Amino acid sequence: MKYLNRGNRATKEGFAEALVTLGREYEDMVLLGADITSSVGMDGFQKRFPGRFFSMGIAEQNCVGVAAGLALSGKVPVFSTYGVFAALRTTDQIRISLCYNNLHTIIGGAHAGISVGPDGATHQALEDIAVLRSLPNITILSPADATQTILATKAAYENCNGPVYVRFGRAAVPDFTQDDQKFEIGKSHTLKQGDDITLIATGHMVWETIVASDKLHEKGIRARVINMHTIKPVDKDAIIRAAKETKSIITVEEHQVIGGLGSTVAEVVVQNHPVPVEMIGMNDQFGESGTPDELMIKYGLTSEAIVNRVLNLLMPDKNQ
Amino acid sequence: MKISNSGLPDLRLISKEIRKDIIRSITSAGSGHTGGSLGLTDIFTCLYFKVMKHDPVNPLWQQRDRLILSIGHVAPVLYATLAHAKYFPVDELDTLRKLGSRLQGHPGRDHGLPGLELSAGSLGQGLSVAVGMAIAAKLYDQDHSVYCIMGDGELQEGSVWEAAMSASHHKLDNLIGIVDRNNLQIDGSTKTVMEIEPLKAKWESFGWRVFECDGHDHREIIDTIDSAKQTVYKPVVIIAKTIMGKGVGSIEDNNEWHGKAPSKAQLNDFINQIEESYEVFE
């Protein structure tokens with residue numbers, strides 16, 4: 001199966017587009033802005049539906065509580081800011097006001113990963129999944145491209161009853177998801193079939209993993225590629241099937257491997273069908289300034305790095 | 001200290017029963033926050049038996065006034081008040097803090113207790129939620145009020161002031177904050193732990209209209225809320241001067257009773273002290 005890049009597009013554009021579409025359809029959708037509205041994809045909604053947009057200033061903890069109050073009153077609030085603030089500054093508010101109360105709210109975690117680039121370590125969300133994943137009742141979506149971000153955001157509104165974190169990035173990345181893709185929360189997409197190894201990727205790393213699998217194919221290695229767009233609830237069946245059928249797994253994410261997709265997959269594997277799992281991602285380290293491409297290369301988040309990791313795992317002698 | 005008679009005999013009687021049930025339920029639980037619960041009893045009595053629009057038969061009635069208890073640790077006063085308001089049987093107060101109870105140590109909606117608006121207990125979050133509810137009421141064009149009960153020590157949380165700023169920015173005149181100003185927190189007085197004065201000026205500078213009242217005088221509480229509700233284009237806060245432990249003379253105004261439960265041996269004495277404090281004096 002070949003995947004066509006229909007053009008590079010930032011996943012945050014998908015989030016922005018979905019908010020406008022949903023806002024037109026659903027009167028009960030309300031947005032809370034924390035100053036950086038255009039940079040996190042909320043300005044389109046704000047311009048079209050000013051009566052349902054509330055500026056809350058640079059006060060993320062309050063935003064989360066206000067979202068809880070709106071949700072308790074029957075609205076579906078959306079709050080979006082950089083993932084570092086959306087998930088980490090507000091963790092206690094998310095835990096108690098949103099998760100313990102189990103309220104349908106959408107949190108947009110923008111600027112995910114090191115591909116944020118020159119802003120540097122402070123603004124690169126690399127621990128958001130790890131922290132939020134441990135909270136009961138939350139759903140975590142990490143779509144691969146702009147089109148899938150539209151589908152994920154729609155699903156966050158239409159198919160959830162509790163808090164949902166939608167993770168997206170700033171860098172323009174290949175947009176390959178078909179508009180009519182069936183997006184089901186908790187049901188991953190197997191993008192390539194293969195029995196030699198399984199590559200499970202999320203977010204921006206899905207495209208890199210597709211490219212890596214094509215390169216591996218040329219070397220006679222058939223890698224299964226899974227787009228794990230839902231981190232929680234994770235698609236256990238697909239992971240267990242991969243463990244049984246391909247005997248080893250490599251996870252690929254633009255996030256710390258501690259607590260992220262790698263940990264998520266490993267938890268499922270060790271409890272169900274233990275096989276070797278290797279993890280590609282940020283290795284307990286902060287990012288730094290640089291262009292997105294430079295950073296992805298430096299931190300080993302490219303198709304080449306994935307290929308090398310697979311070759312090392314499958315043919316350790318040849319690749320010493 | 002005697003409970004003053006402000007000419008509302010029904011409320012006086014109800015508040016006495018609520019106080020006694022707070023003591024009974026916390027004693028039965030073996031743990032819980034006695035001081036603040038007793039200190040807020042008169043405010044809760046006035047709210048649920050005089051001021052607020054609400055319907056125990058239909059707890060989710062759309063037009064009801066909302067009460068957000070930001071300081072979840074004083075859950076015993078909320079539970080005892082809800083029980084006396086007939087949201088659930090008074091007998092159930094005995095299950096406080098016990099396994100399987102709907103009366104969690106801090107309010108938890110997931111356990112299905114009718115009348116609970118919010119699961120809360122982590123300080124500094126309630127006012128934000130109340131702001132969200134007040135915004136929603138404006139969006140729906142509903143005219144109910146949203147009350148938020150805060151502790152004075154809680155005002156040391158920065159998030160309270162984020163919420164305060166947003167309430168005045170959005171002109172939420174349907175929001176009424178009530179600060180339980182008992183001057184005490186776990187480590188001692190608010191003055192020594194972290195000074196929050198000048199409190200009135202703080203709220204005013206954040207764009208709120210501020211009222212002060214005696215938090216144990218039923219007539220004054222009701223009249224103050226009535227005046228507060230006349231305010232337009234601004235949120236209102238009532239700084240209610242209270243005494244931690246009010247009604248049980250031997251523990252009044254003592255921060256050691258913030259989070260301490262009476263022993264079984266103390267139960268009768270505390271109940272008697274409550275009875276005595278209600279003996280009419282003029």
**Study point:** Search result, residues across region A:29-51 that are crowded, with 17+ Cβ neighbours inside 10 Å, touching a Leu at 6+ places or on another chain (Cβ under 9 Å) and within 14 Å of another protein chain (Cβ to nearest Cβ)
**Key:** A:Met29, A:Val30, A:Leu31, A:Leu32, A:Phe49
Practice item. Could you run through region A:64-92 and say how many residues are facing chain B (nearest Cβ under 8 Å) and either in a helix (DSSP H, G or I) or farther than 17 Å from B:Val131 by Cβ (or both)? Key: 10
Point to revise | Leading residue by the ranking (surrounded by the most Cβ atoms within 10 Å (Cβ to Cβ)) among those in region A:1-28 that are within 17 Å of A:Gly51 (Cα to Cα) and among the hydrophobic types (A, V, I, L, M, F, W, C) | key: A:Leu19
Review point. Applying the selection to region A:132-169, what residues are under 18 Å from A:Ile94 (Cα atoms), aromatic (Phe, Trp, Tyr) and either crowded, with 24+ Cβ neighbours inside 10 Å or in contact with a Cys (Cβ under 7 Å, 6 or more places away or on another chain) (or both)?
Key: A:Tyr165
Study note, to complete from the structure: Note on A:Ser142: of the conditions (1) within 14 Å of chain B (Cβ to nearest Cβ); (2) in contact (Cβ under 8 Å) with a residue 12 or more places away in the chain, unmet is (1)
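So, A:Arg9, is that one over 19 Å from B:Ala137 (Cα atoms), away from chain B (no Cβ under 14 Å), in a strand (DSSP E or B) and at pLDDT 95 or above or not?
Numbers: over 19 Å from B:Ala137 (Cα atoms): yes; away from chain B (no Cβ under 14 Å): yes; in a strand (DSSP E or B): yes; at pLDDT 95 or above: yes.
When the stated conditions are applied, A:Arg9 passes them.
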**Study point:** Test: A:Ile96 is outside any loop (DSSP other than H, G, I, E, B) and closer than 16 Å to A:Phe168 by Cα
**Key:** no
Exercise for review: Please work out if B:Pro76 is in contact with a Gly (Cβ under 6 Å, 6 or more places away or on another chain) and of a type outside the set (Phe, Trp, Tyr).
Suggested key: yes
Point to revise | Test set (1) within 30 Å of B:Glu117 (Cβ to Cβ); (2) more than 14 Å from chain B (Cβ to nearest Cβ) - A:Ile58 fails condition number | key: (2)
Exercise for review: Of the numbered conditions (1) in contact (Cβ under 8 Å) with a residue 60 or more places away in the chain; (2) on the phi < 0 side of the Ramachandran plot; (3) within 13 Å of chain A (Cβ to nearest Cβ); (4) of a type in the set (Lys, Arg), B:Arg181 fails exactly one; give the number of that condition.
Suggested key: (3)
Study note, to complete from the structure: For helices (runs of 4 or more DSSP H) lying entirely in region A:224-320, having 3 or more residues that are within 21 Å of the chain's Cα centre (by Cα), surrounded by 16 or more Cβ atoms within 10 Å (Cβ to Cβ) and not β-branched (Val, Ile, Thr) picks out A:236-246, A:261-272, A:292-298
Check your understanding: Hey, any hits in region B:154-163 for a residue that's under 15 Å from the mean Cα position of the chain (by Cα) and buried (at least 19 other Cβ atoms within 10 Å of the Cβ)?
Key -> yes
Study note, to complete from the structure: Those residues of region A:138-171 which are part of a helix (DSSP H, G or I) and of a type in the set (Gly, Ala, Ser) amount to A:Ala146, A:Ala152, A:Ala155, A:Ala156
Review point. Looking at region B:62-72, is at least one residue in a helix (DSSP H, G or I), of a type in the set (Gly, Ala, Ser) and within 14 Å of chain A (Cβ to nearest Cβ)?
Key: yes
Review point. Does B:Ala201 satisfy the criteria of being surrounded by fewer than 15 Cβ atoms within 10 Å (Cβ to Cβ) and of a type in the set (A, V, I, L, M, F, W, C)?
Key: yes
Revision key, fill the gap. Per the filter on region B:145-162, residues more than 10 Å from chain A (Cβ to nearest Cβ) and assigned to a loop (DSSP other than H, G, I, E, B) are B:Ser145, B:Asp152
Review point. Considering only residues of region B:168-205 that are in a helix (DSSP H, G or I) and among the basic types (Lys, Arg), which is farthest from B:Ser37 (Cα to Cα)?
Key: B:Lys202
Exercise for review: Give the residue, chosen from A:Gly259, A:Gly300, that is touching a helix residue (DSSP H, G or I) at 6+ places or on another chain (Cβ under 7 Å) and at positive phi.
Suggested key: A:Gly259
**Study point:** Selection within region B:109-129 - more than 8 Å from chain A (Cβ to nearest Cβ) and part of a loop (DSSP other than H, G, I, E, B)
**Key:** B:Gly112, B:Leu113, B:Pro114, B:Gly115, B:Leu116, B:Leu123
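Yes/no per residue for (1) under 14 Å from the mean Cα position of the chain (by Cα); (2) under 16 Å from A:Val252 (Cβ atoms); (3) in the same structural domain as A:Glu304 (by TED's automatic domain parsing); (4) at pLDDT below 95:
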| site | (1), (2), (3), (4) |
| --- | --- |
| A:Ile114 | yes, yes, no, no |
| A:Ile129 | yes, yes, no, no |
| A:Tyr157 | no, no, no, no |
| A:Asn161 | no, no, no, no |
| A:His204 | yes, yes, yes, no |
Check your understanding: Out of (1) crowded, with 20+ Cβ neighbours inside 10 Å; (2) of a type in the set (S, T, N, Q); (3) at the interface with chain A (Cβ under 10 Å from one of its Cβ atoms), the odd one out for B:Thr81 is which?
Key -> (3)
Point to revise | Residue in region A:111-131 that is surrounded by 19 or more Cβ atoms within 10 Å (Cβ to Cβ), touching a residue at least 40 places away in the same chain (Cβ under 8 Å), away from every other protein chain (no Cβ under 14 Å) and under 23 Å from B:Gly126 (Cα atoms) present | key: no
Review point. Filtering region B:95-115 down to residues that are out of contact with any Lys or Arg (no Cβ under 8 Å at 6 or more places or on another chain) and touching a residue at least 12 places away in the same chain (Cβ under 8 Å), which residue is farthest from B:Ala80 (Cα to Cα)?
Key: B:Lys98
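The values are calculated or read from the model by the stated rules, or taken from the named source; none is laboratory data. Please read all numbers here as calculations on a predicted model, not as lab measurements. Every residue, glycine as well, gets a Cβ built from its backbone with ideal geometry; the counts of neighbours run over all protein chains shown.
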